[in-house]
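Take a look at the structure set out below.
The values are calculated or read from the model by the stated rules, or taken from the named source; none is laboratory data. Predicted model only: the values in this text are computed from it and were never measured. Because the Cβ atoms are built from the backbone with ideal geometry, glycine has one as well, and the counts that use them run over all protein chains shown.
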Amino acid sequence: MLSTILAGVKLQNPTVLASGIRGVTGSSLVYMAKQGAGALTTKSISLKERKGHPTPVMATYEQGIINAVGLSNPGAEEALPEIEYAVAKSQVPVITSIFASTITEFGKVAEIVAKANPAAIEVNISCPNVEDEFGRPFACDPGISTVVIQKIKKVTSLPVFAKLTPNVNNIGEIAMAAEKGGADGITAINTAGPGMIIDIESATPVLSNKVGGISGPAIKPLAVRCVYDIHKATKLPIIGTGGVNSGRDAVEMIMAGASAVGLGSAVYYRGPDVFKQVSSEIEEFMLKEGYKSIEEMRGVAHEK
Amino acid sequence: MKNNPFIVEKITKVITESEDSKTFVLPGKLNSKPGQFVMLWLPGAGEKPISLSGETEDGFSVTVCAVGPFSKAVNKLTSGDKLGFCGPFGTHFKLPKDAKAICLVGGGYGSAPLAYLAEVAIDQGVKVFFIEGARSKTRLLFTKRMREAGAEVLTCTDDGSEGPKCYSPDVLKTVLETHKIDKVFTCGPEIMMKKVIELAEAHKIPSEVSMERHMKCGIGLCGQCAVDDLGICLCQEGPIISGKLALSLKEFGEYSRDSTGKKIKG
């Protein structure tokens, strides 16, 4: 009843561990699979190691979380055994998130991580916390989005998901650009903003990076609208991510057009077993409303 | 768990503990338990997880050893300076029911959460052996505070400048052979803690350790403090874990991870 298919990748339930959450090590990913995640996304991996930003890198506020971890990771070669471990032991599909600052480098990282034989590659072309050579995320430009995906599709036959930013005028256009480049699916959205929290006692921005991406309940309506727009523009499968905290939130995302839902901040709000909780809440809703499959619910809000 | 973001308070008291360590008292009620930590934030200098070294009606305290840029900056602060924190976070030391005597084994600044535990235990009528090892006399922490609290303090130093010239597990061995101990608690370098647990296990005595890993968020999201092979985050299911659990972790006493996630020795 809860199973769903993402670009040929079968998930037992539609909850996906979002990138950047408990995805540093293989054993951490396996632990999240045991908490009921239908699929796992690794932390974004780049060619060379990155320390990330100095702490504080994360702060919560009333309606959400802001973070600027700064894409810390050990580099693709060092991360390889961690991905291999997760692929071998988690018993659920592992999506490897990758990141680079140039198109050539994207190809190199994809080539390396593909060796671990993950179920798919998620291309993070939308992190708001790092400056790239263009001074803004790749996913703000349709032309560049197409070229990045093309480059990756050239080096691997794995399904490729493009992770998009909400910080664009027309996210549907970017999704179509990714599709044109050969993307097999879309993950939307990355954190919004960036935003800032200032501690007024010390008159200081809390994050060392001063600004950070916004996640959590605050961005859910933005994420739902983006998923809706993407589904209208393309029929690619979508991992709807952004502020999903409950089964009802997940259903909302699916009705907007998602085939699966990413959970990130929810791990903070409801604990690591939020995957089991959300799955059973989706099932409860489906039974109550008479839906028989995720696919049946997908995009139904577009018919209204 | 939801005490984020930071609360910024003025330091009410600074106590010099040793040549490189100071205790900072901040006002406020955390309802903390020994072994828990706070994320300490010095605006402009950074944020680090620090174990609580005490909580009384006057506030709570952290003891900071000046080792890196952050702790050196904190150690320059004086009364009235502002310091931010959030927490308390993590698991805590658990005294066994009807405990009569416990033994605490600290190495270096690992003594901080143990001092807090000692006071709580003595308050409940438990006899406390407080074993503390340090490189030299000038680096021993809390010996006066622990004696005044009523603990039996046993010190040792690497250079023999105070107490016998040996390591704290050597002292523990003697205590376990001569006294009936209900539980052993330890915090310090992992190599030392490993020896402590093995000694406790050999005497069939339960133990708890404070295990530290690189933490970035402190709220179970970033995954930086996940340990192999269990994959649990020590900011959530630690820092206090049973000695048995620690021994079952592949990386305990073997390796940890740096801020990139790369494995580093020790």
Check your understanding: Name the pairs: first residue in region B:202-218 and under 30 Å from residue A:70 (Cα atoms), second residue among the basic types (Lys, Arg) and at pLDDT 95 or above, Cβ to Cβ under 9 Å, at least 6 apart or on different chains?
Key -> B:213/B:257; B:214/B:257; B:215/B:48
Check your understanding: Looking at region B:5-41, which of its residues are among the basic types (Lys, Arg) and under 24 Å from residue A:205 (Cβ atoms)?
Key -> B:10
Practice item. Among the residues of region B:55-101, write down those that are at positive phi, modelled with pLDDT of 95 or more and in contact with a Pro (Cβ under 9 Å, 6 or more places away or on another chain). Key: B:59, B:90
**Study point:** Residue in region A:104-122 that is part of a strand (DSSP E or B), touching a helix residue (DSSP H, G or I) at 6+ places or on another chain (Cβ under 7 Å) and more than 23 Å from residue A:260 (Cβ to Cβ) present
**Key:** no
Practice item. Scan region B:255-264 and give yes if some residue there is in contact with a Lys or Arg (Cβ under 9 Å, 6 or more places away or on another chain), more than 9 Å from chain A (Cβ to nearest Cβ), touching a residue at least 60 places away in the same chain (Cβ under 8 Å) and of a type in the set (Val, Ile, Thr), otherwise no. Key: no
Point to revise | region B:97-127 - residue that is of a type in the set (A, V, I, L, M, F, W, C) and in contact with an Asp or Glu (Cβ under 7 Å, 6 or more places away or on another chain) and, of those, farthest from residue B:64 (Cα to Cα) | key: B:99
Review point. Counting just the residues of region A:255-303 that are among the β-branched types (Val, Ile, Thr) and more than 14 Å from chain B (Cβ to nearest Cβ), which one comes out surrounded by the most Cβ atoms within 10 Å (Cβ to Cβ)?
Key: A:261
Point to revise | strands (runs of 3 or more DSSP E) within region A:41-99 that include 1 or more residues more than 7 Å from chain B (Cβ to nearest Cβ) and without any contact (Cβ under 8 Å) to a residue 60 or more places away in the chain | key: A:94-98
Study note, to complete from the structure: Flagged in region A:184-205 as touching a residue at least 24 places away in the same chain (Cβ under 8 Å), surrounded by fewer than 24 Cβ atoms within 10 Å (Cβ to Cβ) and assigned to a loop (DSSP other than H, G, I, E, B), in numbering order, are A:184, A:196, A:197
Check your understanding: Do you know which residues across region B:40-96 are among the small types (Gly, Ala, Ser), in a loop (DSSP other than H, G, I, E, B) and closer than 20 Å to residue B:115 by Cα?
Key -> B:66, B:90
**Study point:** Residue identified as closer than 18 Å to residue B:215 by Cα, over 16 Å from the mean Cα position of the chain (by Cα) and within 14 Å of chain A (Cβ to nearest Cβ) among B:46, B:80
**Key:** B:46
